[in-house]
Structures are given as C-alpha cells and as structure tokens.
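Single-structure report; data block below.
The values are calculated or read from the model by the stated rules, or taken from the named source; none is laboratory data. These numbers come from a predicted model, not from an experiment. Virtual Cβ from ideal backbone geometry, glycine too; neighbours counted across all protein chains shown. For the accessible areas, the whole protein counts, side chains as well, though only heavy atoms, and no ligand, DNA or RNA atoms are used. Shrake-Rupley method; radii C 1.70, N 1.55, O 1.52, S 1.80 Å.
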Amino acid sequence: MVRNNVHPVLAGEGASAWIMASSSHCHQHLDNYMLVEHASPRCSSRQFYNGILDGHAHGVFHGRIIVHEDAQKTDAKQTNRNLLLSDDAQIDTKRNWRSTPTT
C-alpha cells in the first residue's frame, strides 16, 4: 500500500504551485491525496494526476482545492487522467472545490 499526501498552502500574494503525480503498479493499492489551499490573493495552482494501473491494482485520487475569502483572483486547475490496462484494475476519484464561506 502506498499513500501520498500533498498539501501546499499558498500564503504569499502571487504564489504558485504545480503538482504532478503519476502512478503505475500491478498489484498495489495507491492512495493519492492532494489538497491545495489558496490563502492569499492572485495565487495560481495546477494539479496533474495520471494513473496507469494494471493487474489487480487499485488507485484512489482525492484532489481538493480550498479558496479562502481573502484569496481574490485565484486561478486553480485540476486534471485527473487514468488508464486501466486490465479488467481487474480500478480507480476511485473524488474531486472537490470549496470556497470558505463569508461571515
């Protein structure tokens, strides 16, 4: 079993993050969690996940973007592409985008 946790917080104005992850395994469970938090104005982020699974592999991709109230003019994109090379390979995907509520 493999678990990857990625959680950059873009706390400086104009900060950016590029996250690229890929996987290719035959008989493993792969759990990938990516959370990008936009806490300042004019930040940008890109999330790219590419999964290639074969055999009895099971992959999980959970991508999340949080935009705080003060993070005006945020530019965020998330891409998730997967290739299953066998009938027994499986990928579960959960994508989230959330802005923090205004008070």
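Some observations on this one:
- Inter-label distance, nm, simple model (7 Å from Cα along the C-beta direction), Val60/Met1: 0.8
- Heavy-atom accessible area ranking, 1.4 Å probe, most first, across Tyr33, Tyr49: Tyr33, Tyr49
- Listed options for P(r) over Cα pairs in 5 Å bins from 0, in percent are (i) 2, 9, 14, 17, 18, 17, 12, 6, 2, 1, 0, 0; (ii) 3, 13, 23, 19, 14, 10, 8, 5, 3, 0; (iii) 2, 10, 13, 13, 14, 14, 12, 8, 5, 4, 3, 1, 0. The value calculated from this structure is the one marked (ii).
- Per residue, the chain exposes 59 Å² of solvent-accessible protein surface, assessed with a 1.4 angstrom probe and all protein chains in place.
- By accessible area, using a 1.4 Å probe on protein heavy atoms only, the chain has 48% of its surface on carbon and sulfur.
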